[in-house]
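Undergrad: Sharing a structure with you now.
The values are calculated or read from the model by the stated rules, or taken from the named source; none is laboratory data. Please read these numbers as outputs of a predicted model, since none were measured by experiment. Quick reminder, even Gly has a Cβ in these numbers, built from the backbone with ideal geometry, and neighbours come from all protein chains shown. Accessible surface is based on the protein model in full, side chains and every heavy atom, while ligands, DNA and RNA are left aside. Shrake-Rupley method; radii C 1.70, N 1.55, O 1.52, S 1.80 Å.
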Number of protein chains: 2
Amino acid sequence: MSKYESNLDLCFSALGDPTRRVILQRLARGEASVSELAEPHEMALPSFMEHLKKLEAANLVTSKKKGRTRICALAPNAFAPAKDWLTEQSDIWEGRLNRFDDYIKNLMQERNK
Amino acid sequence: MSKYESNLDLCFSALGDPTRRVILQRLARGEASVSELAEPHEMALPSFMEHLKKLEAANLVTSKKKGRTRICALAPNAFAPAKDWLTEQSDIWEGRLNRFDDYIKNLMQERNK
């Protein structure tokens, strides 16, 4: 499997969990420490860290140490691969529907001649 | 959890698998029977049907019986919920970056006065 495909696997799978989506929604508003991110979730820290690990593995989140605190941020263009894949499929699908519409219109015009 | 959130869970999780993405890519080009869809995948039929089940549960695919054949199609607006969620987060993130750019520009102008 290509690197692009395996990244999409990790990325979509990471997005398929409500806790991880809440973390991303928070980080879209700006960087935050691990403890700030963990605070709204009633969850033991090791479980919470597992969620962060999955987001980092999927290239959605980056983190760096600042003294004793770990600061997380949204990765640059985090959502681009997933959005691009979805847009490509929607465009193919809608293109097909539009061509079908045109075909029906032409058929009707021919009949009414 | 709201119905919208649990649908996003199912939808993103369904997208996180290469076999299921290939099925969706095929269906974006038009409807197909289960056997047509299964053909390129070296997989026992029950395992393949599990993938289809997950796609249906996530409201990405619909299917109907036509005689002895089951025909699958992309669900209407299949990708809209996932695309909308990703676009919303990107917009918030980019808006934040733009505001930061403006802030820096203003700061530089003030200094150069």
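Undergrad: For the stretch A:1-38, how many residues are within 7 Å of another protein chain (Cβ to nearest Cβ), hydrophobic (A, V, I, L, M, F, W, C), under 14 Å from the mean Cα position of the chain (by Cα) and over 14 Å from B:ALA82 (Cβ atoms)?
TA: The qualifying residues number 1.
Undergrad: Then there is this: Looking at B:LYS83, B:LYS53, which is the one that is within 17 Å of the chain's Cα centre (by Cα), surrounded by 12 or more Cβ atoms within 10 Å (Cβ to Cβ), closer than 29 Å to A:LEU24 by Cβ and more than 14 Å from chain A (Cβ to nearest Cβ)?
TA: Residue meeting the stated conditions: B:LYS53.
Undergrad: Another question, then. Please go through the stretch B:24-50 and give me each residue that is open to solvent by 30 Å² or more (accessible area, probe 1.4 Å) and of a type in the set (Ser, Thr, Tyr), ordered by number.
TA: Answer for the stretch B:24-50, where residues must be open to solvent by 30 Å² or more (accessible area, probe 1.4 Å) and of a type in the set (Ser, Thr, Tyr): B:SER35, B:SER47.
Undergrad: Given (1) crowded, with 16+ Cβ neighbours inside 10 Å; (2) at the interface with another protein chain (Cβ under 9 Å from one of its Cβ atoms); (3) under 19 Å from the mean Cα position of the chain (by Cα), identify the lone condition not met by B:TRP93.
TA: For B:TRP93, the failing item is (3).
Undergrad: Ok, one more. So in the stretch A:56-80, with the set limited to residues that are more than 14 Å from chain B (Cβ to nearest Cβ) and open to solvent by less than 80 Å² (accessible area, probe 1.4 Å), which one is nearest to B:ASP84 (Cα to Cα)?
TA: Restricting to residues being more than 14 Å from chain B (Cβ to nearest Cβ) and open to solvent by less than 80 Å² (accessible area, probe 1.4 Å), the top hit is A:GLU56.
Undergrad: Filter the stretch A:1-23 for residues that are assigned to a helix (DSSP H, G or I), free of Cβ contacts under 8 Å to residues at least 24 places away in the same chain and open to solvent by 30 Å² or more (accessible area, probe 1.4 Å); which is nearest to A:ILE71 (Cα to Cα)? It would help to see each step written out before you state the result.
TA: As a first pass, look at the stretch A:1-23 and keep what is assigned to a helix (DSSP H, G or I): A:3-15, A:18-23.
Right, trim to free of Cβ contacts under 8 Å to residues at least 24 places away in the same chain and you get A:3, A:5-6, A:9, A:18, A:21-22.
Okay, now just the ones that are also open to solvent by 30 Å² or more (accessible area, probe 1.4 Å), so A:3, A:5-6, A:18, A:22.
Working: A:LYS3: 27, A:GLU5: 28, A:SER6: 26, A:PRO18: 21, A:VAL22: 16 Å.
Across the stretch A:1-23, the extreme among qualifying residues is A:VAL22.
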